[in-house]
1. Please list, ordered by first then second residue, the pairs with beta carbon atoms under 7 Å, 6 or more apart or interchain, first in the stretch 24-52 and in contact (Cβ under 8 Å) with a residue 12 or more places away in the chain and on the phi > 0 side of the Ramachandran plot, second in a helix (DSSP H, G or I) and buried (at least 17 other Cβ atoms within 10 Å of the Cβ).
2. Identify all residues within the stretch 18-38 that are assigned to a strand (DSSP E or B) and within 14 Å of the chain's Cα centre (by Cα); write none if there are none.
3. Would you please name the residue that is surrounded by the fewest Cβ atoms within 10 Å (Cβ to Cβ), looking only at residues in the stretch 42-54 that are assigned to a loop (DSSP other than H, G, I, E, B) and out of contact with any helix residue (DSSP H, G or I) (no Cβ under 8 Å at 6 or more places or on another chain)?
4. In the set 39, 57, which member is crowded, with 16+ Cβ neighbours inside 10 Å, in contact with a helix residue (DSSP H, G or I) (Cβ under 9 Å, 6 or more places away or on another chain) and closer than 16 Å to residue 127 by Cα?
5. Among helices (runs of 4 or more DSSP H) lying entirely in the stretch 55-145, which contain 2 or more residues that are on the phi > 0 side of the Ramachandran plot and at pLDDT below 70?
6. For residue 32, are the conditions met, namely being in contact with a helix residue (DSSP H, G or I) (Cβ under 8 Å, 6 or more places away or on another chain) and over 23 Å from residue 132 (Cβ atoms)?
């Protein structure tokens with residue numbers, strides 16, 4: 001199996017994470033500036049890493065409604081669908097950036113140090129949630145006794 005890419009879209013920065021080939025674990029990959037070249041960089045990663053699928057986090061409001069940030073992420077996902085040769089899915093990512101900030105702070109990182117990494121960690125959390133759901137939906141193979 002080829003890896004899956006996870007994306008945490010933001011107005012200033014886009015966090016990117018990648019799964020292992022078994023699609024069990026997500027790892028931070030890089031942070032991309034959110035500019036006109038972002039889609040091109042993601043397409044390069046897809047090609048270089050032989051990515052099978054992209055998962056874009058959609059930051060729904062706590063009520064489940066779609067707000068401004070979620071609409072922007074949905075628009076970005078639509079742009080990626082037109083640009084990339086692989087499927088692009090969306091994933092509910094409520095509070096992943098908050099959780100990423102907390103995880104980095106708990107690891108002893110100062111806010112100024114984490115600015116570069118928080119988007120990658122949020123993307124990792126988005127992708128890990130997706131991978132966990134996928135593995136739970138796949139029945140385990142029985143081991144012959």
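1. none
2. Start the filter on the stretch 18-38 by keeping residues that are assigned to a strand (DSSP E or B), which leaves 18-19, 26-33.
Matches in the stretch 18-38: 18, 19, 26, 27, 28, 29, 30, 31, 32.
3. First, the residues of the stretch 42-54 that are assigned to a loop (DSSP other than H, G, I, E, B): 50-52.
Among the residues that remain, those that are also out of contact with any helix residue (DSSP H, G or I) (no Cβ under 8 Å at 6 or more places or on another chain) are: 50, 52.
Working: 50: 10, 52: 15.
Restricting to residues being assigned to a loop (DSSP other than H, G, I, E, B) and out of contact with any helix residue (DSSP H, G or I) (no Cβ under 8 Å at 6 or more places or on another chain), the top hit is 50.
4. Numbers: 39 fails: closer than 16 Å to residue 127 by Cα.
So the residue among 39, 57 that is crowded, with 16+ Cβ neighbours inside 10 Å, in contact with a helix residue (DSSP H, G or I) (Cβ under 9 Å, 6 or more places away or on another chain) and closer than 16 Å to residue 127 by Cα is 57.
5. Correct list: empty, since no element meets the threshold.
6. Values: in contact with a helix residue (DSSP H, G or I) (Cβ under 8 Å, 6 or more places away or on another chain): yes; over 23 Å from residue 132 (Cβ atoms): yes.
Taking the combined requirement at face value, the residue satisfies it.
The values are calculated or read from the model by the stated rules, or taken from the named source; none is laboratory data. These numbers come from a predicted model, not from an experiment. Methodologically, a virtual Cβ is constructed for each residue, glycine included, from the backbone with ideal geometry; neighbour enumeration extends over all protein chains shown.
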